[in-house]
Amino acid sequence: MSTSKPTVLFVCVHNAGRSQMAAGFLRDLAGDTVQVFSGGTAPKDSVNPIAVEAMAELGIDISEHTPKRLTDDSVKESDVVITMGCGDDCPFYPGKRYEDWKLDDPAGQGIESVRVIRDDIRARVQELIGSLNVQA
């Protein structure tokens, strides 16, 4: 990684749930010490409202974010790429740090199930921050 602030890209299929929650947590917990991006291989039109609700319960507003298409450039420009169920659709570039987080998809699930996914994501983001050597 470079000496400037690290760039983290969260990727899931629809960029409407898991990746949006992870990006929200990283922005909230790490502040401006990390650049945060997210994308999807087949983005939806809007963020999952149950994911928005679950994050709002913790005081994190992701309601204004919109799903974006994953691009090769976004992967090239990132130091760390976290994938969440996009499989072989995610581009791979040598020299990048990749992690694949096995998480249930919140699509179509109720708030109770999404809370469990949200809390798992928060714990993983906290571990990620520790590994980035930034002062959050």
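Quick note: the coordinates plus some simple rules give every number you see, no bench work behind them. Here the structure is a predicted model, which means the values were calculated and not measured. Note: ideal-geometry Cβ built from the backbone for every residue, glycine included; neighbour counts use all protein chains shown.
In whole percent, what relative contact order does the chain give with Cα contacts below 8 Å and a gap of six or more residues?
32 percent
Pull out the extension gain between R69 and Q126, defined as 0.36 nm times the separation in residues minus the alpha carbon to alpha carbon distance; nm, one decimal.
18.0 nm
What is the fewest-to-most order of V8, V134, V80 by other Cβ atoms lying within 10 Å of their Cβ?
With the fewest neighbours first, V8, V134, V80 line up as V134, V80, V8.
So which GluC sites (Glu not before Pro) in the range 3-69 pass both tests, a DSSP loop state and at most 14 other Cβ atoms within 10 Å of the Cβ?
Counting only loop positions with at most 14 other Cβ atoms within 10 Å, the GluC sites (Glu not before Pro) in the range 3-69 are E57, E64.
Sort S113, S74 so that the residue with the fewest other Cβ atoms within 10 Å of its own Cβ comes first and the one with the most comes last. Walk me through the numbers on the way to the answer.
Working: S113 14, S74 18.
By the 10 Å Cβ count, ascending: S113, S74.
So, counting K/R as plus one and D/E as minus one, what does the shell of residues with Cβ under 11 Å around L132 add up to?
0
What's the whole-number percent of alpha carbon pairs in the range 33-136 lying beyond 21 angstrom?
The proportion of pairs with Cα distances above 21 Å equals 40 percent.
Multiply the residue gap between S4 and E53 by 0.36 nm, knock off their C-alpha separation, and tell me the result in nm, one decimal place.
Value of the extension gain: 14.3 nm.
How far, in degrees from 0 to 90, does helix 111-131 lean away from the longest principal axis of the Cα atoms of the chain, to the nearest 10?
Tilt relative to the chain: about 20 degrees.
Between I111 and T33, what FRET efficiency comes out of the Förster formula 1/(1 + (r/R0)^6) with R0 = 35 Å and r the beta carbon distance, rounded to 0.05?
The value I calculate is 0.70.
Are there trypsin sites (Lys or Arg not before Pro) in the range 14-83 that DSSP puts in a loop and that have at most 11 other Cβ atoms within 10 Å, and which ones?
Sparse-neighbourhood loop trypsin sites (Lys or Arg not before Pro): none present.
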